[in-house]
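Colleague: Sharing a structure with you now.
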Amino acid sequence: MIVVFLIVFLIRLLLAYLPSFTVDMGNWMAWSYLLGETGIKNFYNSPVWTDYTPGFFYYLRILGFLDKIYHFGSLSFPFLIKLPVIIADLLLGLVIYRILKSKGIKSAKLGFLAYTLNPAVVFVDSVWGQTDGLISFFLVLATFYFLEKKNAIYGFVSCAIALLVKPQALAALPVLLVFSLKNFSLKKTTLAVLSAIVVVLLLSLPFFLENPILGLPGLIAKMSNESPFTSVMAFNFWAVATGMWIPDSIKFMGVTYHAWGIILLSLTTLIILFKLYFSKKAPDTLYKYLGLILLAFFIFPTRIHERYILIALPFLLTSALLSGSSFRFLVYALVSLLSFINIYNPYA
């Protein structure tokens, strides 16, 4: 397994030298330079476009500081930006390996390889240069704490860190809350949620000293209005129904497309939560319903980007292998292939 790990790690590192997605990598590098100059405190007050949650900016601050000393080149800087996400992917693969060991070493190795060498995951995190792998890692880590360690506090705190990296992690929260209420006491769940809120406030505080309570929610609300279109290159329901880049303020039966997206996601979420609450205990239950709700989050709302599908993949995979379902594994393989095609489209 050590040899397998090192080979996969080497492959992922070599691929990191391929050309990144220019717009996103340009943003990361510019923000890193800015953080190196202004520091964390004044980052969101600068005239530069900075609509991104602060989780990854701690790392960019370190890179920006080091760049002033070592002057990273045009190859080294993108590689260093991709490096922590690649490491997160490998660690996530190890968490899947650990979860699946109960099914046998063969299943555990398959899980590790099927995720860490998934074309969509590899492309986004090693080539494109995005941080979706970090969200996936902390969300899977949250499920590991819930199920393997029976620790709701660590579970919700891991979810909170995922949220600080990108707000898409909020989509997993309803399933985690219902699962926690079903398997832990109300007191433990409340304490865990409060712990997560404290962590979010503490880690975001250096960026929002002037508005420590509402600074982050205000930023997330602003981010949600950045792309008011049906689909932002996502091959989802809206791409089929209306086409991409259509303003979601257009009305159908007196209701805007944006509101229809919320309605469709809400109805799907209620069905998933109902099924989860009344489901029998099984090793794959939490992974199955997290995979479904994250898939629904990609399919039904408007303003969705092509990469938002990625956080569903480790849950679909783990559910398939834990249940031993060939059909679910086929679903994982098919969704992965379509995701790769979708994600490669805007890159090309």
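The values are calculated or read from the model by the stated rules, or taken from the named source; none is laboratory data. Computed from a predicted model, the values in this text were never measured in an experiment. No Cβ is skipped: glycine too gets one built from the backbone with ideal geometry, and neighbour counts run over all protein chains shown. Side chains are part of the model used for accessible areas, which takes the heavy atoms of the whole protein and leaves out ligands, DNA and RNA. Shrake-Rupley method; radii C 1.70, N 1.55, O 1.52, S 1.80 Å.
Colleague: Mind checking which residues of the range 287-296 are within 20 Å of residue 141 (Cα to Cα) and open to solvent by less than 50 Å² (accessible area, probe 1.4 Å)?
Modeller: 287, 289, 290, 291, 293, 294, 295 - these are the residues of the range 287-296 that are within 20 Å of residue 141 (Cα to Cα) and open to solvent by less than 50 Å² (accessible area, probe 1.4 Å).
Colleague: If a residue must be touching a Leu at 6+ places or on another chain (Cβ under 8 Å) and without any contact (Cβ under 8 Å) to a residue 12 or more places away in the chain, how many such residues does the range 322-348 contain?
Modeller: 0
Colleague: Answer with yes or no whether residue 201 is under 23 Å from residue 304 (Cβ atoms) and either assigned to a helix (DSSP H, G or I) or of a type in the set (Lys, Arg) (or both). Outline the logic, then answer.
Modeller: On the way: under 23 Å from residue 304 (Cβ atoms): no; either assigned to a helix (DSSP H, G or I) or of a type in the set (Lys, Arg) (or both): yes.
So residue 201 does not fit the description; no.
Colleague: Please determine whether any residue of the range 272-286 is under 30 Å from residue 43 (Cβ atoms) and either without any contact (Cβ under 8 Å) to a residue 60 or more places away in the chain or open to solvent by less than 70 Å² (accessible area, probe 1.4 Å) (or both).
Modeller: no
Colleague: So, one more: Which of the residues that make up the range 251-279 are within 16 Å of residue 302 (Cβ to Cβ), outside any helix (DSSP H, G or I) and not aromatic (Phe, Trp, Tyr)?
Modeller: Scanning the range 251-279 gives 251, 253, 255, 256.
Colleague: Cβ-Cβ below 6 Å, separation at least six or inter-chain, first residue in the range 164-193 and among the aromatic types (Phe, Trp, Tyr), second crowded, with 18+ Cβ neighbours inside 10 Å and in a helix (DSSP H, G or I): which pairs?
Modeller: Matching pairs, first to second residue: 179/286; 184/152.
Colleague: Which fully enclosed helices (runs of 4 or more DSSP H) of the range 88-147 have 1 or more residues being touching a Gly at 6+ places or on another chain (Cβ under 6 Å) and open to solvent by 10 Å² or more (accessible area, probe 1.4 Å)? Before the answer, list the steps.
Modeller: Working: elements: 105-116, 119-122, 132-147.
Qualifying helices (runs of 4 or more DSSP H): 132-147.
Colleague: Restricting attention to the range 19-46, and to residues there that are farther than 15 Å from residue 207 by Cα and exposed (fewer than 13 other Cβ atoms within 10 Å of the Cβ), which single residue is farthest from the chain's Cα centre (by Cα)?
Modeller: Restricting to residues being farther than 15 Å from residue 207 by Cα and exposed (fewer than 13 other Cβ atoms within 10 Å of the Cβ), the top hit is 19.
Colleague: Does the range 240-248 include one or more residues that are at pLDDT 95 or above, assigned to a strand (DSSP E or B), over 17 Å from residue 225 (Cβ atoms) and open to solvent by 70 Å² or more (accessible area, probe 1.4 Å)?
Modeller: Here is the first cut: in the range 240-248, the ones at pLDDT 95 or above are 240-248.
Cutting the leftovers down to assigned to a strand (DSSP E or B) gives us 247.
Those left that are additionally over 17 Å from residue 225 (Cβ atoms): none.
Within the range 240-248, none of the residues are at pLDDT 95 or above, assigned to a strand (DSSP E or B), over 17 Å from residue 225 (Cβ atoms) and open to solvent by 70 Å² or more (accessible area, probe 1.4 Å).
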